[in-house]
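Inspection log for the structure reproduced underneath, given as structure tokens.
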Amino acid sequence: MKYDAIIIGAGLGGLSAGAYLARAGKRALVLEKMSGPGGRCRSVELMGHRFDIGADYFGKKILDIYAELGKKKELDPVWFRVIAKRGNSSMSIPPGLHTFRDFRGMGMNAGEIGKLGLRMGGQIMFNRYRKISGYGELVNRLTQNGSLREIFSVGAFFSGNNPENMPSHWFNLVFGRTYGYDRPFIPRAGSGRLPELLASVIRENGGGIVYNAQPDRIIIRDGRARGVLLEGREMEAENVISGTGILHTVYSLADRKDFPPGFIDTLGYYKEGFSMASVFTVFRRDAKITPGAHIYAMFPASVSGMFRTLKDGAFPEDNMFVVSVPDAAYGTRDEHLAGTIKFLVPKGAVSREAIEAEAGRITGRADSLIEGFSENVVDSRLCTPADYAARFGFTSSISPVAESVNYEKMPVATPVRGLYCAGSTVLPVGGCTASSILSGRAVARHILKDK
């Protein structure tokens, strides 16, 4: 059988491409190396509780995609708050009446707050940020308030890159309405609900998904993708879509000689963001969580300084960390709650003992975000970057390709005819779930247009 498209990887990008192609009547087959869908967007059971092992929050623009696919209602979004702290200063997202009080707590007067609002509005509404080369420069233009400047650097943590080396459009991705992260949500059934629904669209429209199937390579002949080699068997397809990342696609699944030198040269600028470690934690309700708040973030005195120390191979004394507690957003009344502590790991070889020591130190520091947290922990599991690769099948880098002012992402169509990439390592911009899903839709539209 010759397929219209064989899709490698059941991450959000690959599943999105498969869903749109299947709905258009195309023969689409997804091959996934793990035993279920999701890639970096999955939920797992640990210690008797559900944890999201990768993506744990989403922007409201994703709902438009699921509406197009007829699955918006089944997504069942739960809206939540983000609480960011630096020292004694704090800020809560989404913005509201409390925002004025938050800014006053950072020492800003009414005049300064008004000017900040005008500057932010101008940057976001009129895309003025496009004329500014870097994220750090943009933040400096917005405010000279030290606490606010560091909190505005939240995008650095989630892109895995120093804000001094990030493109300015990340500000609009995080604080603007590009993907709707100004009003974040989580599915009531956990992050794994997103890939589950995309997979259901594929199956309901005659497409196929095969798990525990990892293609050996992409077959390319005469400058065109012809299919994949799976366990020694050639599987033919008009198009091949790789959701495994553009670097893995070109260097591991294909032969770099099949691509023009300029394309390969551009890929040489690509790099992974910093790796992440997670402490999956079960704690008693006696800890003082904030109802409706899911993400808590603690900022260091200097985000850029923190990244420089991590790049030098050491844990900074003031490492940034995030605590996610979806149970607080769901409003569960269970005696025990599930939470995940996330922090970045230095570049280079880092021993498990060093990561364990940092995990213990940060767990204690979590009390500054959630009062009484550490004393109410009843069980926990540390997942180092090596654990992520072995157990979950993906590297724990915050962003598989950390966007930088030095390069721009590639389009979904590669120079090889019939070969496409989907996921967060290609356009559109932003290493997030929304960009991954939109890339899959872009692939499907490209294929359908060619026909």
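Here's the yes/no breakdown for (1) of a type in the set (Lys, Arg); (2) within 26 Å of the chain's Cα centre (by Cα); (3) surrounded by fewer than 19 Cβ atoms within 10 Å (Cβ to Cβ):
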residue	(1), (2), (3)
GLY13	no, yes, no
LEU29	no, yes, no
GLY38	no, yes, no
VAL44	no, yes, yes
LYS61	yes, yes, yes
PRO95	no, yes, yes
HIS98	no, no, yes
GLY105	no, no, yes
GLU112	no, no, yes
Response to the item:
Checked ARG391, ARG441 against criteria (within 19 Å of SER242 (Cβ to Cβ), part of a helix (DSSP H, G or I) and either not assigned by TED's automatic domain parsing to the domain that holds SER16 or not aliphatic (A, V, I, L, M) (or both)); the one match is ARG441
Practice prompt. Determine whether ASN172 is out of contact with any Pro (no Cβ under 8 Å at 6 or more places or on another chain) and over 30 Å from LEU148 (Cβ atoms).
Written response: no
Worksheet item: Hey, among the residues in the range 78-121 that are in contact with a strand residue (DSSP E or B) (Cβ under 6 Å, 6 or more places away or on another chain) and among the basic types (Lys, Arg), which one's farthest from LEU173 (Cα to Cα)?
Response: LYS85
Discussion item. Taking the conditions exactly as written (touching a Ser or Thr at 6+ places or on another chain (Cβ under 6 Å) and farther than 28 Å from TYR270 by Cα), does GLY372 satisfy them or not?
Written reply: no
Worksheet item: Considering the range 117-144 alone, what residues qualify as being of a type outside the set (S, T, N, Q) and crowded, with 17+ Cβ neighbours inside 10 Å?
Response: MET120, ILE124, TYR129, ILE132, GLY134, TYR135, GLY136, LEU138, VAL139, LEU142
Worksheet item: Of all residues in the range 175-210 being of a type in the set (D, E, K, R) and part of a helix (DSSP H, G or I), which is nearest to ASP52 (Cα to Cα)?
Response: ARG193
Worksheet item: Just a yes or no: is a residue in the range 337-350 out of contact with any Ser or Thr (no Cβ under 7 Å at 6 or more places or on another chain), of a type in the set (D, E, K, R) and at pLDDT below 95?
Response: yes
Worksheet item: Based on what the data block shows, is ASP334 assigned to a loop (DSSP other than H, G, I, E, B), over 24 Å from the mean Cα position of the chain (by Cα) and not polar (S, T, N, Q)?
Response: yes
Worksheet item: For GLY111, which of the numbered conditions (1) in a helix (DSSP H, G or I); (2) among the small types (Gly, Ala, Ser); (3) under 30 Å from TYR20 (Cβ atoms) fails to hold?
Response: (3)
Discussion item. I'd like to verify a number: residues in the range 133-185 that are more than 26 Å from PHE80 (Cα to Cα) and of a type in the set (D, E, K, R), how many?
Written reply: 3
Item to complete: Scan the range 372-418 residue by residue and report those that are more than 30 Å from LYS85 (Cβ to Cβ), at pLDDT below 95 and crowded, with 20+ Cβ neighbours inside 10 Å.
Response: LYS409
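One line per residue, one yes/no per condition, for (1) in contact (Cβ under 8 Å) with a residue 40 or more places away in the chain; (2) touching a Lys or Arg at 6+ places or on another chain (Cβ under 7 Å); (3) within 26 Å of TRP79 (Cα to Cα):
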site	(1), (2), (3)
ALA329	yes, no, yes
GLU335	yes, yes, yes
PHE343	yes, no, yes
ARG352	no, no, no
Worksheet item: Within the range 254-297, how many residues turn out to be at pLDDT 90 or above, among the hydroxyl-bearing types (Ser, Thr, Tyr), closer than 29 Å to PHE392 by Cα and part of a loop (DSSP other than H, G, I, E, B)?
Response: 0
Item to complete: Hey, can you tell me all the residues within the range 337-354 that are hydrophobic (A, V, I, L, M, F, W, C) and within 22 Å of the chain's Cα centre (by Cα)?
Response: ALA338, ILE341, PHE343, LEU344, VAL345
Item to complete: Kindly indicate the residue of the range 351-371 that is out of contact with any Leu (no Cβ under 8 Å at 6 or more places or on another chain) and buried (at least 16 other Cβ atoms within 10 Å of the Cβ) and also farthest from SER159 (Cα to Cα) among those meeting that condition.
Response: ILE370
Discussion item. Against the definition (surrounded by 18 or more Cβ atoms within 10 Å (Cβ to Cβ) and part of a loop (DSSP other than H, G, I, E, B)), how does PRO300 come out, yes or no?
Written reply: yes
Discussion item. Anything in the range 64-83 that is free of Cβ contacts under 8 Å to residues at least 60 places away in the same chain and buried (at least 16 other Cβ atoms within 10 Å of the Cβ)? List them, or say none.
Written reply: LYS72
Worksheet item: Looking at the range 211-234, which of its residues are over 19 Å from THR414 (Cβ atoms) and assigned to a strand (DSSP E or B)?
Response: TYR211, LEU230, ARG233, GLU234
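Yes or no, residue by residue, for (1) in contact with a Phe, Trp or Tyr (Cβ under 6 Å, 6 or more places away or on another chain); (2) at pLDDT 90 or above; (3) among the charged types (D, E, K, R); (4) outside any helix (DSSP H, G or I):
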residue: ILE65; (1), (2), (3), (4): no, yes, no, no
residue: GLY70; (1), (2), (3), (4): no, yes, no, yes
residue: LYS115; (1), (2), (3), (4): no, yes, yes, no
residue: ILE124; (1), (2), (3), (4): no, no, no, no
residue: VAL139; (1), (2), (3), (4): yes, yes, no, no
residue: SER147; (1), (2), (3), (4): no, yes, no, no
residue: GLU150; (1), (2), (3), (4): yes, yes, yes, no
residue: ALA156; (1), (2), (3), (4): no, no, no, no
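The values are calculated or read from the model by the stated rules, or taken from the named source; none is laboratory data. This structure is a prediction, so every number in the text was calculated from the model and none was measured. We place every Cβ from the backbone using ideal geometry, glycine too, and count neighbours over all the protein chains shown.
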